[in-house]
Amino acid sequence: YVEELQKLIDVEVKTSDGVEINIFSNVEINDEIEVSNNYNSKGIGLYRTEFIYLENGNVSEDDQFEILKDAVMKNGDKPIVIRTFDLGGEKLSSLLPHPEEQNPVMGLRAIRYSLRFQDFFISQIKAILRAAVYGDVRIMFPMISGVEEIRLAKSVVKDAIKELEAEGKEFRKDVPIGVMVELPALALITHLVNKEVDFFSVGTNDLIQYTVGIDRNNEYVAYLYRPTHPAVLHLLKKILKDANKGGIEATVCGEMAGDPKYIPVLLGLGYRNLSMSPASILKAKMIIRRVNISDCEKLVRSLKRCKLARIAEEKLQKFIEKHA
Ligand code: PEP
Ligand code: MG
């Protein structure tokens, strides 16, 4: 089996009926970019910058620039989507300032944190714009709930540009800006957002968590955490439809995108860009090469009609057994 997987490293990522699927990598540390390259991914779909702060607290702009430049150079001329700070809740580094919160998962986290501590945010944006000189960098904002936050975050990018100009530092201005669609509120208004940004990236981990109201790490309610919940399928469909209408790309970067069981569902919904941990890439390629799009579309149609989780699960299981 391992040998069979290794053989997939160099093959094209196409469904059995010839539809090309783009696989990108999710990375947390720069060393993973080499693995991503070894598996021939199309680039980095999600670079989780929070790991820089978890270890070091509030690192200086220059230190961030060095780390990001190294990541960008390792990635060569392929795209790299750098997600701004996405910590908060229980994951906040003790090295950063933050208030006591009753309900931190719904509190001052991710973009909300960045917009509150603007000096902190601007130094990150400046580091990203400087690293962008060395490759195909894109900026992505996490946990966006509406258009105000997008405009505020973009205004910080403008401020960062002004500061860099005044300081005479080398940087790139025309960096594409996208958002994570991972709150149901944003997913429901993607038709209002598709002209505000350059791309969408769907964070199914949080999107599912907030749609069904299930803490993604709580074992007692884990059985209710379902990627095939019809509400989730409905949102995923809408996000892609609005991305297409706005002429922008949508990528899925949650765990769902790297799970062979759910990849046919995403393909059936119409997604063609998947970003996953490098360790998932070869298994993902295997399933992609075994399915065809019309079967995946049929699967999605039948899942959408399922009222009961158990029945949906059985259908999905049958599909996987038939194709895997
Ligand atoms: C997600 O929410 O799906 C996602 C990719 O972001 P993270 O897992 O880092 O919250
Ligand atoms: Mg998330």
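Before moving on, here are some points about what is shown:
- Mean-position separation - Cα centroids, the stretch 12-61 and the stretch 157-189, in angstrom: 20
- Checking the Cα-Cα distances for Lys14/Lys91; Lys245/Lys298; Lys241/Lys283; Lys7/Lys126; Lys74/Lys318 against a 31 Å cut-off, the pairs over it are Lys14/Lys91; Lys7/Lys126; Lys74/Lys318.
- Sorting 98-108, 64-74, 290-300 by average packing, meaning the other beta carbons within 10 Å per residue, from highest down gives 64-74, 290-300, 98-108.
- Cα-based shape type of the chain, given that a ≥ b ≥ c are square roots of the gyration tensor eigenvalues and the cut on a/c is 1.5: prolate
- The residues neighbouring Val11, those whose beta-carbon lies less than 10 Å from its own, together hold a net charge of +2 under the Lys/Arg +1, Asp/Glu -1 convention.
- Overall, the chain carries a charge dipole of about 1700 debye about its Cα centre when +1 sits on the Cβ of Lys and Arg and -1 on the Cβ of Asp and Glu, all other atoms neutral.
- Rounded to the nearest 20 debye, the dipole magnitude of the stretch 60-211 is 340 debye, with +1 charges on Lys and Arg beta carbons, -1 on Asp and Glu beta carbons, and the Cα centre as origin.
- DSSP-defined beta bridges in the chain - what % are antiparallel, rounded to 5: 5
- Degrees separating the helix 118-131 axis from the principal Cα axis of the chain, which is the longest one: 70
- Part-to-part distance (alpha-carbon centres) for the stretch 228-297 and the stretch 87-116, which is given in Å: 30
- The charge dipole of the stretch 128-279, taken about its Cα centre with unit charges on the Cβ atoms of Lys, Arg (+1), Asp and Glu (-1) only, comes to about 460 debye.
- Residue of Val181, Val27, Val35 that the Gaussian network model of the chain assigns the largest fluctuation, springs spanning Cα pairs under 10 Å: Val35
- Counting only alpha carbon atoms, the long axis of helix 281-290 and the longest principal axis of the chain meet at about 40°.
- Three-way shape label, the stretch 33-120, alpha-carbon gyration tensor, a/c 1.5: prolate
- Placing unit charges on the Cβ atoms of the charged side chains and taking the dipole of the stretch 249-317 about its Cα centre, the candidate lying farthest along the positive direction among Ser275, Leu316, Ile287 is Leu316.
Quick note: the coordinates plus some simple rules give every number you see, no bench work behind them. All values reported here derive from a predicted model rather than from experimental measurement. Positions of Cβ are generated from backbone atoms using ideal geometry, with glycine treated the same way; all protein chains shown enter the neighbour counts.
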